[in-house]
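Everything below concerns the one structure shown next.
The values are calculated or read from the model by the stated rules, or taken from the named source; none is laboratory data. These numbers were taken from a predicted model, which means no experiment stands behind them. Here the Cβ positions follow ideal geometry from the backbone for every residue, glycine too, while neighbour counts run over all protein chains shown.
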Amino acid sequence: MADSFLGFRRAGGNVGVRNHVLVLGINGLAGAATRRIGSAVCGTVTVATPYGRGQVGPDAEIHRRQLIGLGRNPNVGAALIVGVDRKALDAIAGEVAKGGTLVETVALDDVHEDALALTDIGLKKAAQLVRHISNQRREACPVSALRVGVECGHSDATSGLAANPLVGKVADRIVDGGGTVIIGETLEWLGAEHLLARRAATPAVARALTEAVARREAYPASLGIDLLGNNPGEENIRGGLSTIEEKSLGAVAKGGSRPLIGVLEHAQAPTGTGLHVMDGPGYSPESITGFVAAGAQLVFFTTGPGNSYCSALAPTIKVSAHPQTPGRLPEQIDFDGSAILTGGEAADATAARLYAQALAVASGTATWGEILGEGDEVFVRVGPSL
Amino acid sequence: MRLHPDDDVAVALRPLASGETISVDGRALTLRAAIPMAHKFALHPIAAGMPVRKYGEAIGEARTAIAAGDHVHVHNIVSRRARKSA
């Protein structure tokens with residue numbers, strides 16, 4: 001058998017690397033009750049959107065896509081979906097269930113707006129779900145079942161020199177094994193888009209990519225805002241990055257070198273395998289939620305000086321190649337790639353170690369972020385509430 | 001460390017002192033400023049307004065004339081992209 005890991009096979013044919021019960025709040029009016037249910041039941045992960053009403057057009061659509069996508073993530077064995085009105089709740093729950101997730105629901109409508117009664121029903125349902133899915137066992141699954149997001153945050157010049165190329169080598173290996181890799185942060189293709197476009201599988205993909213960068217570049221300019229002073233940010237500049245082009249040229253290396261199969265919208269699941277780009281924000285919490293809502297079970301997150309943010313649903317492997325950072329943050333950085341820069345290890349050998357660690361994490365080895373509860377999911381909005 | 005043969009800058013793999021003479025690809029170069037780790041320095045003179053290359057690609061342009069051995073950073077190079085005036 002080719003390279004494999006131990007995962008949870010789902011009804012929809014996907015494979016989870018974790019077996020979470022997700023307590024998913026789909027409306028900010030029930031956010032506190034959602035969190036109360038999640039905190040009362042061990043073995044659950046809570047994601048509660050602060051939004052969910054008064055959204056229209058593309059803003060309503062992107063919010064809905066993020067909620068459904070998180071519910072369908074293969075790491076979710078079962079979901080308790082908490083809402084306000086039955087109609088909106090059933091619409092979301094129905095779509096989540098279509099992805100193969102076991103779904104239960106509870107609505108404030110059902111309990112005459114009594115948030116404590118909602119909590120009582122919700123926590124019993126969540127407890128039942130935890131017990132039920134604990135019967136599932138891990139099985140050997142091929143690398144082709146992996147969908148991986150690649151992200152960088154608080155980059156410095158060591159990110160572009162070593163950590164991102166290192167993740168790129170692992171991304172190539174996952175793509176070559178039949179898996180899927182998603183790279184986002186449209187603004188950080190700026191200055192490197194010609195290199196990405198050259199790798200596009202079709203002219204249409206190259207055009208979509210170039211247009212996505214142009215839209216993202218035009219937006220701050222249309223508001224009279226200069227990108228200088230915003231990106232690269234303070235941490236980037238301290239770390240030796242001078243311009244967005246320099247940051248981008250280093251950032252795109254984490255996507256590896258394989259052909260670019262498609263351009264995804266934020267939180268849009270790819271229909272095939274291989275390397276995809278997601279047209280989305282550069283802010284890591286939003287970007288990573290886009291990957292996870294697109295079905296990524298695992299995330300690689302490179303950093304120079306450190307960055308504790310993780311996905312709540314997808315184990316997030318922190319990689320730094322800064323010679324001091326892994327020693328300074330031993331309970332944050334999962335993988336030390338600095339030996340590439342200090343001359344102690346060939347890049348291919350370091351990449352082989354990272355690949356092996358990724359398969360171990362996919363099989364159940366805990367990341368520091370999971371152990372310390374650093375995970376969250378953050379929703380993108382693209383328009384004002386009515 | 002020079003990342004690409006076309007590059008105008010190299011990257012310090014350790015903090016380098018001003019006045020230190022180092023060898024990059026077999027050529028001696030005396031630094032005109034302290035270079036923090038992972039920061040860039042010029043391998044040859046770069047005229048104001050000329051593109052500055054790293055990874056073999058333009059990362060911006062020189063705001064002022066840059067001498068060989070100068071620290072190259074936000075004080076003397078600037079992005080060509082996503083500018084208000086662009």
Quick count over the range A:28-53, residues being in a loop (DSSP other than H, G, I, E, B) and out of contact with any Leu (no Cβ under 8 Å at 6 or more places or on another chain), is 4
Within the group A:A162, A:A208, which residue is surrounded by fewer than 24 Cβ atoms within 10 Å (Cβ to Cβ) and not β-branched (V, I, T)?
-> A:A208
When you look at B:G60, is it outside any loop (DSSP other than H, G, I, E, B), touching a strand residue (DSSP E or B) at 6+ places or on another chain (Cβ under 6 Å), on the phi > 0 side of the Ramachandran plot and surrounded by 15 or more Cβ atoms within 10 Å (Cβ to Cβ), yes or no?
-> yes
Which is β-branched (V, I, T), in contact (Cβ under 8 Å) with a residue 24 or more places away in the chain and under 30 Å from A:Q136 (Cα atoms), of A:V56, A:V84, A:V76?
-> A:V76
Could you tell me which numbered condition B:G60 fails, if it satisfies all but one of (1) under 24 Å from A:V252 (Cβ atoms); (2) at pLDDT 95 or above?
-> (2)
Among A:L118, A:L102, A:L108, which is closer than 26 Å to A:G290 by Cα, surrounded by 15 or more Cβ atoms within 10 Å (Cβ to Cβ) and modelled with pLDDT of 95 or more?
-> A:L102
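Being among the aliphatic types (A, V, I, L, M), closer than 20 Å to A:C152 by Cβ and surrounded by fewer than 18 Cβ atoms within 10 Å (Cβ to Cβ): is that true of A:A358 here? Let's see the steps before the verdict.
On the way: among the aliphatic types (A, V, I, L, M): yes; closer than 20 Å to A:C152 by Cβ: yes; surrounded by fewer than 18 Cβ atoms within 10 Å (Cβ to Cβ): no.
No: the conditions fail for A:A358.
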Can you pull out the strands (runs of 3 or more DSSP E) entirely within the range A:193-309 that have at least 3 residues that are in the same structural domain as A:S155 (by TED's automatic domain parsing) and of a type in the set (A, V, I, L, M)?
-> A:260-265, A:274-279
For the range A:196-250, name all the residues that are acidic (D, E), over 23 Å from A:S284 (Cβ atoms) and touching a residue at least 40 places away in the same chain (Cβ under 8 Å).
-> none
Any chance you could count how many residues in the range B:37-86 are more than 18 Å from B:L16 (Cβ to Cβ), within 9 Å of chain A (Cβ to nearest Cβ) and β-branched (V, I, T)?
-> 5
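For the structure I just gave you, tell me whether A:R258 is more than 11 Å from chain B (Cβ to nearest Cβ), free of Cβ contacts under 8 Å to residues at least 60 places away in the same chain and among the charged types (D, E, K, R).
Values: more than 11 Å from chain B (Cβ to nearest Cβ): yes; free of Cβ contacts under 8 Å to residues at least 60 places away in the same chain: no; among the charged types (D, E, K, R): yes.
Here the answer is no, as A:R258 does not meet what is asked.
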Would you mind stating whether A:I92 is touching a His at 6+ places or on another chain (Cβ under 9 Å), of a type in the set (A, V, I, L, M) and outside any strand (DSSP E or B)?
-> no
The range A:232-255, residues that are more than 8 Å from chain B (Cβ to nearest Cβ) and not hydrophobic (A, V, I, L, M, F, W, C) = A:P232, A:G233, A:E234, A:E235, A:N236, A:R238, A:K247, A:S248, A:K254, A:G255
Looking only at the range B:37-57, and only at residues there that are out of contact with any Lys or Arg (no Cβ under 7 Å at 6 or more places or on another chain) and part of a strand (DSSP E or B), the one that is nearest to A:T158 (Cα to Cα) = B:F41
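If you take the residues in the range A:261-271 that are touching a residue at least 12 places away in the same chain (Cβ under 8 Å) and of a type outside the set (A, V, I, L, M, F, W, C), which one is surrounded by the fewest Cβ atoms within 10 Å (Cβ to Cβ)?
Selected residue: A:E265.
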Search the range A:125-138 for residues being buried (at least 16 other Cβ atoms within 10 Å of the Cβ) and under 19 Å from A:L89 (Cβ atoms), and hand back the single one that is farthest from the chain's Cα centre (by Cα).
-> A:K125
Does A:A201 qualify as being touching a Gly at 6+ places or on another chain (Cβ under 8 Å) and either more than 9 Å from chain B (Cβ to nearest Cβ) or surrounded by fewer than 15 Cβ atoms within 10 Å (Cβ to Cβ) (or both)?
-> yes
Could you tell me whether any residue of the range A:157-167 is more than 14 Å from chain B (Cβ to nearest Cβ) and modelled with pLDDT of 95 or more?
-> yes
Filter the range B:25-36 for residues that are assigned to a strand (DSSP E or B) and surrounded by 13 or more Cβ atoms within 10 Å (Cβ to Cβ); which is farthest from the other protein chains (Cβ to nearest Cβ)?
-> B:L29
